[in-house]
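One structure below.
The values are calculated or read from the model by the stated rules, or taken from the named source; none is laboratory data. The structure presented is a predicted model; accordingly, all values stated were derived computationally and were not measured. Glycine also receives a Cβ, built like all others from the backbone with ideal geometry; neighbour counts cover every protein chain displayed. These accessible areas exclude ligands, DNA and RNA; they are computed on the full protein's heavy atoms, side chains included. Shrake-Rupley method; radii C 1.70, N 1.55, O 1.52, S 1.80 Å.
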Amino acid sequence: DMDGYITIQLAEVISTVFYTVLGVALMGICWWVINRATHFSVVREIEEDQNTALAILIGSVFLSLSIIIAAVILS
């Protein structure tokens, strides 16, 4: 009976790691798309030019993407 319990836990750990990697990969792809879609360096604009509005926008985009990815993974 204990072997079944360990198997279930191992399966949950493996699926958690898989979905974590999948979520991070999707976020990386989204960052790449954002960088390709803009005609300027987003990182330079936020870091050097101190563009707070762009930082809030990018943060909001990533927050919403993470909520969407989490909802899709949980469904």
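A few remarks follow.
- Residue in region 33-46 that is out of contact with any Pro (no Cβ under 8 Å at 6 or more places or on another chain), in a helix (DSSP H, G or I), among the polar types (S, T, N, Q) and surrounded by 11 or more Cβ atoms within 10 Å (Cβ to Cβ) present: yes
- Tally of residues being small (Gly, Ala, Ser), open to solvent by 50 Å² or more (accessible area, probe 1.4 Å) and part of a helix (DSSP H, G or I) across region 59-75: 3
- Residue that is nearest to the chain's Cα centre (by Cα) [pool: residues in region 35-55 that are more than 22 Å from residue 24 (Cβ to Cβ) and among the hydrophobic types (A, V, I, L, M, F, W, C)]: 54
- Residues of region 1-32 that turn out to be open to solvent by 80 Å² or more (accessible area, probe 1.4 Å), more than 19 Å from residue 73 (Cα to Cα) and either at pLDDT 85 or above or not in a loop (DSSP other than H, G, I, E, B) (or both), as a count: 6
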